[in-house]
Ligand code: 5GP
Ligand code: MG
Ligand code: MG
């Protein structure tokens with residue numbers, strides 16, 4: 001537990017069991033396709049690391065950083081590429097690895113941008129889905145858990161860069177962000 005966390009939603013073992021399931025599914029679906037897994041920094045790093053160990057086919061990894069929230073807990077709607085991919089994805093089967101889909105603005109932008117680069121296919125795997133937050137019509141092709149309309153932290157997910165190292169995922173106490181809204 002952590003003093004800034006109101007309640008734990010998913011403990012470490014529950015998360016790892018789900019990641020194993022997702023890995024098994026992706027292993028079946030991407031056999032013979034040499035997929036490129038793209039981790040969206042930084043929230044998806046812990047998920048990516050655990051997931052790829054369970055994807056039992058030849059594959060490659062790359063990393064991308066996108067601006068979304070800054071330090072605030074509200075989506076700005078502004079999407080910007082802060083760090084781009086190292087290589088061309090033309091003709092590649094791309095799997096975008098995300099931590100959570102909330103408004104969907106980030107993923108909509110990303111999926112369209114990567115399709116534009118002539119990937120053979122672009123699918124999304126997100127550990128968490130928060131359908132109540134959606135502003136655009138997009139859904140992850142694979143997801144681990146549905147989460148309620150609350151701000152969650154841990155297992156890669158931050159608030160103002162804190163809490164990413166927590167091995168579990170929980171709801172952040174609302175007084176933590178109510179007192180420090182900067183952007
Ligand atoms: P979207 O563009 O779908 O609104 O936002 C996607 C990004 O916002 C996620 O990749 C994540 O970084 C951040 N985000 C959305 N909901 C939450 C949440 O409940 N907790 C945290 N820590 N980040 C979130
Ligand atoms: Mg993210
Ligand atoms: Mg964040």
If you stretched the chain out fully between residue 178 and residue 25, how much longer would it get, using 0.36 nm times the residue separation minus the C-alpha to C-alpha distance? 51.1 nm
Test of understanding: ordering 52, 79, 169 by Cβ neighbours within 10 Å, fewest first, what list do you get? 79, 52, 169
Over the range 90-162, equivalent-ellipsoid semi-axes from the Cα gyration tensor in Å: 23, 13, 11
Multiply the residue separation of residue 8 and residue 67 by 0.36 nm, subtract the distance between their alpha-carbon atoms, and state the gained length in nm to one decimal. 18.6 nm
Give me 2, 93 ranked fewest to most by other Cβ atoms within 10 Å of their Cβ, as a rough exposure proxy. 2, 93
Just to confirm the number: angle between the C-alpha axis of helix 105-116 and the first principal axis of the chain, 0 to 90 degrees, nearest 10? 10
For an R0 of 35 angstrom, estimate the FRET efficiency from the Cβ-Cβ distance between residue 165 and residue 81 and round to the nearest 0.05. 0.85
Likely footprinting exposure, 61, 1, 48, fewest C-beta neighbours within 10 Å first: 1, 61, 48
Send over the Kirkwood Rh of the range 11-149, from the inverse of the averaged 1/r over different Cα pairs, rounded to one decimal Å. 15.2
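No value in this document is a laboratory result; all are computed from the given coordinates. None of these values were measured; they are calculated from a predicted model. FYI the Cβ positions are ideal-geometry reconstructions off the backbone, even for glycines, and counts take in every protein chain you see.
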